[in-house]
Amino acid sequence: MNESEFQEIAEQTIEDIQDAIDNSGADIDYDEVGGVLTLEFENGSKIIFSKQGAMNQLWMAAKSGGFHFEYNEDTEQWLCDSGDNEELYKMLSRLSTEQAGEAVVILAP
């Protein structure tokens, strides 16, 4: 995948995450500035996404740590490059639930 393809997919993913949060009904505020998406929970904790073009990765920082995701073109999913290759939206739902203190389900488009 070249740089422009990565940027297009990553930007669409950032938009899709915002739509998924809106559709989840969860009380999560978000703000996107310069390609960095910050999710803020009612308790003040945050999850932050940033695009890392040089590495073709999306990075996510949460209370529990930092995670790097690579896009799998065959499955059209972002997969965490550590552990059990957890899919982005599954991990985001799990970490959002932990940080919000209530069940949060954020579905992929």
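Each value in this text was obtained by applying a stated rule to the coordinates, not by laboratory testing. Please read all numbers here as calculations on a predicted model, not as lab measurements. Cβ coordinates were reconstructed from backbone atoms using ideal geometry, including for glycine residues, and neighbour counts include every protein chain displayed.
Loop only per DSSP, at most 15 neighbouring Cβ atoms within 10 Å: give me the trypsin sites (Lys or Arg not before Pro) in segment 28-109, ordered by residue number. Listed in order of number, the matching sites are LYS63. Annotation: amide H-H contacts under 5 Å for ALA108 (H modelled 1.01 Å from N, sequence separation of 5 or more, or interchain): none.
Running a GNM on the chain with Cα contacts under 10 Å, which residue among SER96, SER50, SER82 ends up with the highest mean-square fluctuation? Highest fluctuation of the listed residues: SER82.
Which value at 222 nm does the chain reach when only helices count, each DSSP H run of 4 or more adding -39,500 (n - 2.57), with the total divided by all residues and rounded to the nearest 500 deg cm²/dmol? Please list the in-between numbers first.
Details: 2 runs with 35 residues, N = 109.
For the chain, the value works out to -11000 deg cm²/dmol.
The label point for GLU32 and the one for ASN2, both projected 7 Å from the Cα toward the Cβ, are 2.4 nm apart.
Which of MET91, MET55, MET60 comes first, and how do the rest follow, when ranked by fewest Cβ neighbours within 10 Å?
Numbers: MET91 20, MET55 12, MET60 23.
Listed from fewest to most nearby Cβ atoms, that is MET55, MET91, MET60.
Short to long, the 5 Å bins of the Cα pair-distance histogram for the chain hold 2, 12, 25, 27, 20, 10, 3, 1 percent of all pairs. So if I take the centroid of the Cα atoms in segment 1-59 and the same for segment 61-85, what is the distance between those two points in Å? Result: 13 Å between the Cα centres. Checking every one of the GluC sites (Glu not before Pro) in segment 45-78 against DSSP loop status and a limit of 12 other Cβ atoms within 10 Å picks out GLU73, GLU76.
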